[in-house]
Each structure stands twice: as C-alpha cells, then as structure tokens.
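Report on the structure given below.
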C-alpha cells in the first residue's frame, strides 16, 4: 500500500488516494484532477483565476475586462506578479460591476457599453479580453455575440473567454480555456512582417518577477529569434503570429502545453518541453533548442558564459545549504521543475504537492522522487500543517496562503508563486533562488522561537 | 458616474467582508458556499494584508451544482469541517453562484446540523449586491440573530467595529479600560488576525482570540450598542428592535470631535465619568496638532476608502487646519455626504464628495483640484506616483507596506499616530531640509 491517510483526514477517507508515499516497486500516482472534497480547506482557485489570472492576464497591452460582479475583477487587479515593461495590465482593473438588476435582466447592454467606453478611454489597449464569471454563465449572457458586435464597432479584437468559476475542478480548466480561446480566435489572424529560419515561441512563460527577461536573452544570444512569449510581457500583436514559429518550447507544461499541441496539430510546428530552472536544466533547454536549429556551438558558448558568471554563486550557496530537506508545493509543474535544481544545491525534496496537477505532472514528480517521498494532490491546510509538523523540513517552497501558517510553526518559507526577490528562472535566476533559500534558512530570526522567556 | 464600466474599484464583494466578521468570532470557521475562487481570493487578500494565515473553507461548487443545486456540497462541507476541526461555529457566506441557483442555505444548514454542539451562521452575501461592507454587516447581524438570548443585564457596552484594524480595536479597548467600562466586541479580529509565534512554534488549530459565542449571545443584555462604523450598524438596530438595547450609530472615533463623541456616547450609555487619563490623552492629541500646524495648514489632502473612515478623517484633517479637497468612497452610505457637508460648513472648506464611484474618476477629480497628500489603501499608489505626492496608507487592504494593521488611527492616541504619519509624509516629500532644524 503506498497511499496514506493522514490523521487529519480520518474523517474524510476520500482523501486517501490523493496522498502517496513513493515506492518504486509498487508505484502509484496520486488521484488527481477531480472535484475537491467540499469543506476540506482546499487551496484551489477557480477556472476564472486560471484564465484571467494566469494565462490571459500577463498580456500587457490589452484591456482585461471582467464581466461579472465586482469581486472577481478586484481580486485579480495587479495581484499576480506577471511583470511587464508597460503599465496598462497591472495598473488598471476593468469591471462591468454587475448588480442585481443585471442578474435579473441580463448584463449584455452593460458589457457592450463597457467595452466601448474602455476602448474610448484607453485607446492604447490593442484588444479587449472579456472574462466571464460565474454569474454570467448562469444568467446566460451571449458574450460571443456582444463581443462580435463590439469588435465591429471598435475595430479592435474583442475576445470572449468563457471561464466561469464553477466550471472544472480547479484553475486548470481556466488555463485550457485561455489557450483554446487564444488559439481559435487570435493565432493565425495575422502574418509576421518578416520570418527567419530561427523563429521560436516560448510558451508557458508568464514573466513572474521578471523570469522572461532572463530567459529571452539566453535564446537571443544563441541566434534564435523569439517571435512570441506566451504570455509574459507579451504585447497583443505577438499572439496572432505564433503559427509562423519554427519551434515552440514549453516551460509551464501544465497551463500551456494545450496551445503548443494545437499549433502542432494545425500548423505542424513541433514543440519541446523545457525546464528553465537550475543550471543543468537550463543548459539542457538551451542545448535542445540549439540542436533543433543547428546552433549547437552557440548554445555551448552561451552556457559556458553563463556558468562562468553564475556557477560560483551556486557553489557558494551549496556550501551553506547542503544536506537540507525541503517541501515543494506549487500549482503544478514547478513542483517537479525544482526537484533537480534543489539537488544541485545539495537539498533533498522530501515532499511535493500540487494544487491542480494532472497525471503527467505526478509522473514527472515520481521520476525524480526517492523512495519514501510523499506526494500530495490538492492538499488542504490541515494536511500541510500535519506534514510540516511531522516531517519538519528545513524549509518549504509554497504560495502566500501557506506562508504564514508555516512561519507560525517556526519553519522557513519561500514564496514560489510570486517569489521573494526574483526572478528565479535561468542561470542568473537560480542564484537569486539559492540566495532566498539561504536567507530563509540561515536567518537568525528563527532561533528565538526555541528560546522561551524564563525567570533567571 | 456616467460610465457603465468600472475602472479601478476600491471595493470588494460581500464574502470578503463576511469572512472578516466571522474571523473575529472565537472558534468560527468561515465557509464560502460557491466556487473555489470565492474563498481563495479573500484568503489571499487577508493573508497579504495581515501577514497571517487565513483559513477559509469552500463548498467547491462545480458544474453539477449549477444544474442540481449546491445542497449536497454544502451539507458535505459542514459535515467535514465539523468532523475534522470540531469548531464552535461555521460562518457561511453565500456567493453569486449559490444565490443565483437559489440554494436555501438556512434550510440546508439546519438539516446538516445533527446536534447543537456547533452553531451555524447562514448569512446571505451575494457578490452582486453591495460591497464588502454589506457582507460584513450581513454576517454580523446573522451572528446576533442566531445567538442572542435575553437574560440578566450584564452592564456591558457592545461595540460594533466594522472593518478596522487590530491596532484600532486594541486602542478602543484601551480607552474602555481607562473608563472602567466592560464591553462586548462584535466582532474582534485583534487577536485572530495578529497572532504571535509561540514558543516552540506551537500553533493552535484555530487562532486564539475573537469574541466568544456566549459573549455574542449576551449582547442582547448590554447597556447599549455603539457602532463606530455605521455601515456595520444593522446588528445594533436588530438588538434595539428586538431586545430594546439602546443603539448609537455614530462617526468613527478619529480626530478630536469624533473621538469626543465616542467618549460621550460611552459615558451616556454606561454612566461612567471621563477619567483623568482620557483627558490627558486628548490633551496629547491637541498638543500634537499644535506642534505641526505650521506644516499642515492649508495642505490639500484627498482621501478615499470606506465611507465611515473617510468622513471621519476628513473632519480630522479639517480640525488640523488642512484642506480636504476630495473625499471619495465606492460604497454608497447615507451619512457620508451629510458628514462632509457639515465639515464644509463648519470649517469653510469645499471638499468635493464622490460617492459610489471608482478610482479612475477620483484621479480625474484629484487632477483638477491638485493634492499635496493622498490618504487611502495600497490602490492609491499609482495615483500618488502619477501626481508625485505622498500616500499615507490606511484602510483595507494595505499590502505594499508592513504593519499598518498593527497601529491605531482611532481614539486620541490613534489620531496622533495618523497625524504624525501625515506630517512626516509632507516633511519627507520635497520639504526643504533647512527648514527642519527648528
């Protein structure tokens, strides 16, 4: 038996298949991508958040208009650290602010007017992305027709995303919807002005804390032309031309393999998976791309330059971190993206978890896991707390919602969702990552927790 | 506002406020009956402001619930929370979805309760009605409606705080202690959302602190209720109508006169005299105002946020000799405009009132008036940068600075802190350092 039922889950045995202790002789993957047990204190978000927050949101020069009551727009206003070199997408929040009247009589008119007004006030917005929230799906506004009408009127693309929060089991379906919508409605609507034999799209890179600004130049230095980054710091005009790449590489393989596959199927453009975190994996990614474009020598040159510059930093932190044990809990792929980089720092990952991972994510985790490694699908606050107390990792890489729980238990923490002081990708980013782990683990602030105040 | 589209709204939806009200109740687990985003987003907001873990359960409604209703999910959620956490209570917030599909949450909750060892508060908080303040008010009223029992007079005063900081609540408690008046806070996040790291990293399952259910029940027997945020006043009105508990809905205690009114209200309801220490605190506030009036006189200040806090701060700014030029709130509240008009007539100011609008409009109006200081939450950062004026942060949420929730801006002491913050912001922003040697 390799599935486990933690003590906190005794009243909800449905959780047992989701928690696995790795046994290579008798490998079982956690049950995944199914409905959450109601009331289990899940950390999952909704389909809207996956679509608006993760995939659509980083496009920097479009008006992101949330069609629904106010909350969903407010909560996605500048929250995710998907940086850009312009301000429109993080500075402004657009909402149709639906109220009771609209729930009764429909929100069509309000949506139409909102698109027109937003366009008039912000002509710098190159398109309007319209995201539907729960209530829109329930009252049945025909957002397709309204957006089409508004597109004709404004002359700019108006793209409806049917990402009502209640659809699907997690934010994962929202990623898929965003991919499919952009593929169907945007990709292929324009031809690039020029093409070269070295055109490539970086897919599933959202420029969290500047990751894309580290990754893009690595490929450019190799002689590759980055046609589009899907979607970190991406201007709208980069999306319609994605079908003219010669190769796509996929970094976030949970949220964005969909579009790479769709482009492959329709336009016969191959894609390769990359893990541009850590020195070895980043080098592998560069080599794979170099091989495809016959730019092997260039790839080696860039790798050598980067290693000369950044490996000493990694060696420095390795000395300070060797032998540490960690938990990694991320939305999906970063849980396995980071297992090997941790080994480069001499750190063992003893527990991984994902919020919305699918089977392929868990396969990739298990490929890298040692016997006894614990893997949890869609963990809840109680399970996280129980394992933190039981296994006492030296640090935990998670998201903001777990951060302060972990602190109260006296365990160092790194925010892997939006980072502490990123970027964390690529060679340079990995030094930042290692530094933040060092800060977390070796800060003097922890020592007071076990030094209680007593009368002398 | 003539637009349909709302741009940069400094307001959130009902579940956010309801969750905050429930988090001030000891042993109460908030449960959002809706899509998972409706619990995750408020949690994220609470975590990033208070830098605390904020555990909120969700009934995780999916597509099947859209067709068949959410009763099954809600029943299972209640059962699971009870069996795993055994909390004193579960505070339900409804959402757009559960309200639109028409779940009868009260009935479902009643059926799900197998014994009376746990209470359930089934508040109706659809996001398409009102704002976070409406949600707070609805949840708070549900607490007293569910629990209150008439018993013996308890000689206490109920304080309805509204959405204010742990630091404010501690300051109000401090004033009541000085006045020797016992109180029941409805509700009280001062401990639950400002928790210590305990020796050895010991963490209670649910946070310590919060108002106990028995205290909430006892609020029916108090000398009176004072709501310091009128947007949260419906529980006070309920207690008055049902149990004849006198209710006072008055301005937030910020600045001299509004804090005076708070003290006077306490005295009136409890019969307590004004102690010497309170008079000394008041004197220190006046002293602090006198100390800085040369710096602050005529300074154009613009303020946005929740209506009770904004109107009280407008008055305080006028008291300190500043010139409030724009007062903005996204939530409509009937006292907001009269409050500010009263200040305008008393201090011959001409503060423009913006109600039920957004920060895009606020910014446009600020540009026409000019400003030397902006007061508001973190969402004012871009306006402050564009206008090149300092932003003094108050209200919920402030996520781009640390610790704002720890410090009071209420009471005489809190007002001193707020004024010092404002003055230092002015002094720190392009003020000639040669003029600061005194």
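Here are the numbers for this structure:
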{"item": "Scan of segment B:119-143 for residues that are surrounded by fewer than 20 Cβ atoms within 10 Å (Cβ to Cβ) and in contact with a helix residue (DSSP H, G or I) (Cβ under 6 Å, 6 or more places away or on another chain), ordered by number", "result": "B:129"}
{"item": "Failed item in (1) surrounded by fewer than 24 Cβ atoms within 10 Å (Cβ to Cβ); (2) within 14 Å of another protein chain (Cβ to nearest Cβ), with residue B:146 passing the rest", "result": "(2)"}
{"item": "Residues of segment B:353-376 that turn out to be within 14 Å of chain A (Cβ to nearest Cβ) and not in a helix (DSSP H, G or I), as a count", "result": "3"}
{"item": "Only listed residue being more than 22 Å from residue B:227 (Cβ to Cβ), in a loop (DSSP other than H, G, I, E, B) and more than 20 Å from the chain's Cα centre (by Cα), chosen from B:291, B:287, B:350", "result": "B:350"}
{"item": "Members of segment B:346-367 found to be in contact with a helix residue (DSSP H, G or I) (Cβ under 9 Å, 6 or more places away or on another chain) and within 14 Å of residue B:386 (Cβ to Cβ), listed by number", "result": "B:359, B:360, B:362, B:363, B:366, B:367"}
{"item": "Filtered residues of segment A:230-254 (kept if surrounded by fewer than 23 Cβ atoms within 10 Å (Cβ to Cβ) and assigned to a strand (DSSP E or B))", "result": "A:247"}
{"item": "Which listed residue is over 22 Å from residue B:162 (Cβ atoms), crowded, with 21+ Cβ neighbours inside 10 Å and without any contact (Cβ under 8 Å) to a residue 60 or more places away in the chain, from B:391, B:436, B:373", "result": "B:391"}
{"item": "Test: residue in segment B:40-49 that is more than 8 Å from every other protein chain (Cβ to nearest Cβ), over 19 Å from residue A:170 (Cα atoms) and crowded, with 24+ Cβ neighbours inside 10 Å", "result": "yes"}
{"item": "Residue, surrounded by the fewest Cβ atoms within 10 Å (Cβ to Cβ), within segment A:1-12, restricted to residues that are part of a loop (DSSP other than H, G, I, E, B) and more than 14 Å from chain B (Cβ to nearest Cβ)", "result": "A:1"}
{"item": "Hits in segment A:105-117 (condition: in contact (Cβ under 8 Å) with a residue 12 or more places away in the chain, part of a helix (DSSP H, G or I) and more than 7 Å from chain B (Cβ to nearest Cβ))", "result": "A:108, A:111, A:112, A:115, A:116"}
{"item": "Single condition residue A:383 does not satisfy, out of (1) touching a strand residue (DSSP E or B) at 6+ places or on another chain (Cβ under 7 Å); (2) in the same structural domain as residue A:8 (by TED's automatic domain parsing); (3) closer than 24 Å to residue A:281 by Cα", "result": "(3)"}
{"item": "Residue match in segment A:168-188 (condition: at pLDDT below 95, in a loop (DSSP other than H, G, I, E, B) and either buried (at least 22 other Cβ atoms within 10 Å of the Cβ) or away from every other protein chain (no Cβ under 14 Å) (or both))", "result": "yes"}
{"item": "Strands (runs of 3 or more DSSP E) lying entirely in segment A:362-431 (those with 3 or more residues that are closer than 22 Å to residue A:254 by Cβ)", "result": "A:374-377, A:395-398"}
{"item": "The listed residue being surrounded by fewer than 24 Cβ atoms within 10 Å (Cβ to Cβ), touching a strand residue (DSSP E or B) at 6+ places or on another chain (Cβ under 8 Å) and at pLDDT 95 or above, out of A:157, A:123", "result": "A:157"}
{"item": "Tally, over segment A:36-76, of residues that are more than 9 Å from chain B (Cβ to nearest Cβ) and in a loop (DSSP other than H, G, I, E, B)", "result": "6"}
{"item": "Looking only at segment B:7-39, and only at residues there that are part of a loop (DSSP other than H, G, I, E, B) and more than 10 Å from every other protein chain (Cβ to nearest Cβ), the one that is surrounded by the fewest Cβ atoms within 10 Å (Cβ to Cβ)", "result": "B:27"}
{"item": "Tally, over segment B:50-68, of residues that are farther than 14 Å from residue A:38 by Cα, in contact with a helix residue (DSSP H, G or I) (Cβ under 6 Å, 6 or more places away or on another chain) and more than 7 Å from chain A (Cβ to nearest Cβ)", "result": "2"}
{"item": "Hits in segment A:198-229 (condition: free of Cβ contacts under 8 Å to residues at least 12 places away in the same chain and not in a helix (DSSP H, G or I))", "result": "none"}
{"item": "When residues of segment A:13-28 are limited to those that are surrounded by fewer than 22 Cβ atoms within 10 Å (Cβ to Cβ) and touching a strand residue (DSSP E or B) at 6+ places or on another chain (Cβ under 9 Å), the one farthest from the other protein chains (Cβ to nearest Cβ)", "result": "A:27"}
{"item": "Residue tally, condition within 14 Å of chain B (Cβ to nearest Cβ) and under 24 Å from residue A:81 (Cα atoms), over segment A:385-410", "result": "12"}
{"item": "Matching residues, segment B:235-248, being in contact (Cβ under 8 Å) with a residue 24 or more places away in the chain and buried (at least 20 other Cβ atoms within 10 Å of the Cβ)", "result": "B:235, B:236, B:238, B:239, B:245, B:248"}
{"item": "Failed item, numbered, when residue B:424 is tested on (1) over 17 Å from residue B:290 (Cα atoms); (2) out of contact with any strand residue (DSSP E or B) (no Cβ under 8 Å at 6 or more places or on another chain); (3) outside any loop (DSSP other than H, G, I, E, B); (4) at pLDDT 95 or above", "result": "(1)"}
{"item": "Failed criterion for residue A:108 (all others in (1) more than 21 Å from the chain's Cα centre (by Cα); (2) in the same structural domain as residue A:164 (by TED's automatic domain parsing); (3) on the phi < 0 side of the Ramachandran plot; (4) buried (at least 24 other Cβ atoms within 10 Å of the Cβ) hold)", "result": "(4)"}
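Per-residue answers, yes or no, for (1) more than 30 Å from residue B:69 (Cβ to Cβ); (2) touching a residue at least 40 places away in the same chain (Cβ under 8 Å); (3) more than 8 Å from every other protein chain (Cβ to nearest Cβ); (4) part of a helix (DSSP H, G or I):
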| residue | (1), (2), (3), (4) |
| --- | --- |
| A:90 | yes, no, yes, yes |
| A:98 | no, no, no, no |
| A:119 | yes, yes, yes, yes |
| A:129 | yes, yes, yes, no |
| A:145 | no, no, yes, yes |
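Conditions tested, residue by residue: (1) out of contact with any strand residue (DSSP E or B) (no Cβ under 8 Å at 6 or more places or on another chain); (2) in a loop (DSSP other than H, G, I, E, B); (3) touching a residue at least 60 places away in the same chain (Cβ under 8 Å); (4) surrounded by fewer than 21 Cβ atoms within 10 Å (Cβ to Cβ).
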{"site": "B:174", "(1), (2), (3), (4)": "yes, no, yes, yes"}
{"site": "B:180", "(1), (2), (3), (4)": "yes, yes, yes, yes"}
{"site": "B:188", "(1), (2), (3), (4)": "no, yes, yes, no"}
{"site": "B:196", "(1), (2), (3), (4)": "yes, yes, no, yes"}
{"site": "B:206", "(1), (2), (3), (4)": "no, yes, yes, yes"}
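The values are calculated or read from the model by the stated rules, or taken from the named source; none is laboratory data. Nothing here was measured: the structure is a model prediction, and the numbers come from that model. FYI the Cβ positions are ideal-geometry reconstructions off the backbone, even for glycines, and counts take in every protein chain you see.
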